[in-house]
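S.K.: Let me begin by handing over the structure; questions about it come next.
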Amino acid sequence: MSARGDLGSNRDVFFVELNGFDTHSDMSSTLSSLLTYVDAALESFVEEMKGQGVWGNVTIVSASDFGRTLTSNGLGTDHAVRTRTRHLLHTREHAQHT
């Protein structure tokens with residue numbers, strides 16, 4: 001990202017994948033561990049973007065390819081039909097519309 005000026009880039013897209021969320025059992029401990037990892041990664045990313053002075057132009061998208069039931073199967077949950085999660089965070093305070 002810091003090389004965007006040298007590359008002549010106006011807009012970059014980065015893809016990150018983290019597996020292990022298919023928690024049919026031991027959901028609590030598995031999610032706690034994974035979300036701690038995600039939190040640390042996002043914290044580092046935010047610090048870096050602020051350090052580069054581009055945090056105000058960042059959009060973060062989070063998506064999951066499947067959802068979960070609300071009821072427990074004992075230690076976890078099962079796949080739910082037609083439920084997917086999406087999260088969008090855009091950091092620009094004053095969006096410009098053209």
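S.K.: Given the options F15, F45, name the one that is within 16 Å of S62 (Cβ to Cβ), surrounded by fewer than 10 Cβ atoms within 10 Å (Cβ to Cβ) and hydrophobic (A, V, I, L, M, F, W, C).
M.R.: F15
S.K.: Right, T71: surrounded by 12 or more Cβ atoms within 10 Å (Cβ to Cβ), of a type in the set (V, I, T) and either assigned to a loop (DSSP other than H, G, I, E, B) or at pLDDT below 65 (or both) or not?
M.R.: When the stated conditions are applied, T71 does not pass them.
S.K.: For residues in segment 14-29 being more than 19 Å from the chain's Cα centre (by Cα) and in a loop (DSSP other than H, G, I, E, B), which is modelled with the lowest pLDDT?
M.R.: In this case the residue turns out to be H24.
The values are calculated or read from the model by the stated rules, or taken from the named source; none is laboratory data. This one's a predicted model, so the numbers in the text were calculated from it and none came from an experiment. Cβ atoms come from the backbone with ideal geometry, glycine included; neighbour counts cover every protein chain shown.
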